[in-house]
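One structure is given here, and the rest of the page talks about it.
Bear in mind that the values in this text are calculations on the coordinates, not laboratory data. This is a predicted model, so every value here is computed, not measured. Here Cβ is always computed from backbone atoms with ideal geometry, including for glycine, and neighbour counts include all displayed protein chains.
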Amino acid sequence: MRARTTALLALAAASAPMMTGCTGGSAAQDTPAGDVTLTVFAAASLTDAFEQIGEDFEAEHPGVTVRFNVAGSSDLVQQIIAGAPADVFASADVPTMDRAVGAGAVSGAPRPFATNVLTLVTPPDNPAGITSLADAAAEGVNLVACAPQVPCGQATAALARASGLALDPVSEESSVTDVLGKVTSGEADAGLVYVTDATRAGDAVHTVDLEHARSAVNTYPIAALAEAEHPGPADAFVEHVLGAQGQEVLGHAGFGHP
Amino acid sequence: MPASVTRDVPVRPPRALTVVGVLGAAVILLPFVALVAGVDLTRLPRLLTSPAALDALGLSLRTSLTATAVCLVLGIPLALTLTRLEFPGRSVARSLVLLPLVVPPVVGGIALTEAFGRRGLVGEHLHVLGIEIAFTTTAVVMAQVFVSLPFLVVALEGSLQTRGEAHERTALSLGASPARTFRTVTLPLMAPGLLAGTVLTFARALGEFGATITFAGSMQGTTRTLPLQVYLERETDSEAAVALSLLLVVVALAVITLAYGRKRVTIS
């Protein structure tokens, strides 16, 4: 019994220096000569485009590694306000970025770097024969959209107002990827997603162009953060996203220029 | 008698383990303490009585109760079959029944969609008959039954195995029919497991999230249960999300107290 107690104490004692060792490691990254790991918090819809932009940026800036934390914008802003270590924040809409600004988490003014509009998608065989938003709003059609609480739901509401239609979705999802999932699985007859989601889904969906799509344009802002561990590379990353190369990658993914 | 001597010695774990054990308790309890501390008591009544919150609470209670009833109807015969009937592959069957306990609920939701979705294995035929399950309250109940049924089966199996078959064998040898033996002997034998199992089944159904959001969707009053409402509120009003979380914790706590309190009484 005594031997076991000693072993436990030894284990506890051994783990203590290991913990301090961890914090010492991250402090070492601050030295100018060492490698820099830049942490970018990006809205989920940016995933593919930002992976590419990150690779391009790393190629241009030797010694810098870009690491992404990808989630819904409101999750990200909550994490940032709660003190998560981040250098750059790219939000899927202005109100969410404003929450970060309001909390004093942003360094300088956020800059718009991309736009996104909604489009209507159906399963590839379009079982309900939908050719317009009015068709999707008709009774008996399983339309799925985003809940008004999330950015894509706000855009959906604006689109409905501009089209003069009362949408009657069977489900209001918390994220645009959930909407897309319901369409690709064939559960929904139609879903309102961003153009970039439809581009990414490719053949898994049939896209119906919307007449009033431009009435609900979502603007994506980006900013370096006040608590950034690496302010210099953070600003450089923001410039890269706004630059010609970054904009080209975003354009390929279906994003518009702000 | 030597037995009485050993009985007098209190059994104690090593002190160092107790210290680690307290740490383990803190890991479980600290987040809940923080949750309670994070609630703004002045706003609490208004947050909990918003139409969306009340709809979600009502839907959660209705669907969880229905799911529990379905679990009882299916689970009692299933547990009996698995413990009292000899058949090839029984041990495999007993393991497979536990699958929903160990797969992530979102995987359960995808599996349910593959089975009962409009293009699913079974759903395809239901669709032809004009029966649609996705986006309905039925889908919510199905998701809850899927994830919580194993809880009931495990609890009942435990009861049936510890009590053994002797009582039932006696009843049958005395000429009681299998139906009468089940009613008057087996069912009372199951009682402790039945109570605890039912309560845990209800609690698991109440907390179901992943399979519901994947398979049933999210619509106020139809499919948006309390956990889904918490998830959505988080997007705009984290205080409301915390308040609703507290409500779920209180309900869960009441349920656990009921299960454990009762269980101890019946066993001792």
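Per-residue shielding of B:103-115, expressed as the average number of other chain Cβ atoms within 10 Å of the residue Cβ, stands at 1. Looking only at the protein assembly as shown, where both bridge partners belong to it, what percent of the DSSP beta bridges are antiparallel (to the nearest 5)? The answer is about 50 percent antiparallel.
Go ahead and collect, in residue order, the members of the stretch A:203-235 whose backbone nitrogen is under 15 Å from a label point 7 Å along the Cα-Cβ direction of residue A:126. Answer for this model: A:203-211. Give the angle, between 0 and 90 degrees and rounded to the nearest 10, that separates the Cα long axis of helix A:2-28 from the longest principal axis of the Cα atoms of chain A. In chain A, helix A:2-28 runs at an angle near 70 degrees to the longest axis.
If packing is taken as the mean number of other Cβ atoms within 10 Å per residue, what is the order of B:120-127, B:219-226, highest first?
Working: B:120-127: 15.5, B:219-226: 22.2.
With the highest mean Cβ count within 10 Å placed first, the list reads B:219-226, B:120-127.
Computed over neighbours whose Cβ is under 10 Å from that of residue A:238, the net charge equals -2, Lys and Arg +1, Asp and Glu -1.
Okay, helix-only estimate at 222 nm for chain A: each DSSP H run of n ≥ 4 adds -39500 (n - 2.57), divide by all residues, round to 500 deg cm²/dmol; what do you get?
-13500 deg cm²/dmol
Amide hydrogen proximity for residue A:71: with H placed 1.01 Å from N in the peptide plane, the residues at 5 or more positions away or on another chain lying under 5 Å are A:42, A:44. Less than 5 angstrom separates the built amide H of residue A:93 from none of the residues sequence-distant by 5 or more or on a different chain.
The packing ranking of peptides B:203-211, B:70-78, B:111-119, B:47-55, highest mean first, is B:203-211, B:111-119, B:70-78, B:47-55, where packing means the average number of other beta carbon atoms within 10 angstrom of each residue. Averaged over peptide A:145-153, the number of partner chain Cβ atoms lying within 10 Å of each residue's Cβ comes to 3. A simple count of charges around residue A:48, restricted to other residues whose Cβ falls under 11 Å of its Cβ and scoring Lys, Arg +1 and Asp, Glu -1, yields -1.
3J(HN,Hα) couplings calculated from phi for the stretch B:83-95 with the Karplus curve 6.51 cos²θ - 1.76 cosθ + 1.60 (θ = phi - 60°) are, in sequence order, 9, 10, 10, 7, 8, x, x, 5, 5, 5, 4, 5, 6 Hz; Gly and Pro show x. Rounded to whole numbers, the Karplus 3J(HN,Hα) couplings from phi for the stretch B:228-244 are 5, 5, 4, 4, 6, 4, 3, 5, 10, 9, 5, 5, 5, 5, 5, 4, 5 Hz, using 6.51 cos²θ - 1.76 cosθ + 1.60 with θ = phi - 60°, and x at Gly and Pro.
Centroid-to-centroid, using Cα positions, the stretch A:119-163 and the stretch A:223-242 are 37 Å apart.
Report the net charge of residues surrounding residue A:180, where surrounding means a beta-carbon distance below 12 angstrom and charges are Lys +1, Arg +1, Asp -1, Glu -1. Neighbourhood net charge equals -2. For residue A:171, the residues 5 or more places off, or on other chains, whose built amide H falls under 5 Å of its own are A:145.
Here the label points at residue A:209 and residue A:98, each 7 Å from Cα along the C-beta direction, are separated by 3.3 nm in the simple model. Calculated mean residue ellipticity at 222 nm for chain B: -24500 deg cm²/dmol, from DSSP H runs with n ≥ 4 weighted as -39500 (n - 2.57), summed, divided by the residue count and rounded to 500. Taking every residue in B:132-139 and counting other chain Cβ atoms within 10 Å of its Cβ, the average works out to 3. The HN-Hα couplings worked out from phi for the stretch A:55-66 by the Karplus form 6.51 cos²θ - 1.76 cosθ + 1.60 (θ = phi - 60°) are 5, 4, 5, 4, 5, 7, 10, x, x, 9, 10, 9 Hz, whole numbers, x standing for Gly and Pro. Rounded, prolate or oblate: pick one for the stretch B:48-267, where a ≥ b ≥ c are the square roots of the eigenvalues of its C-alpha gyration tensor, a/c under 1.5 means rounded, and failing that, prolate if a/b is larger than b/c, else oblate. Oblate, since a/c reaches 1.5 and b/c is not below a/b.
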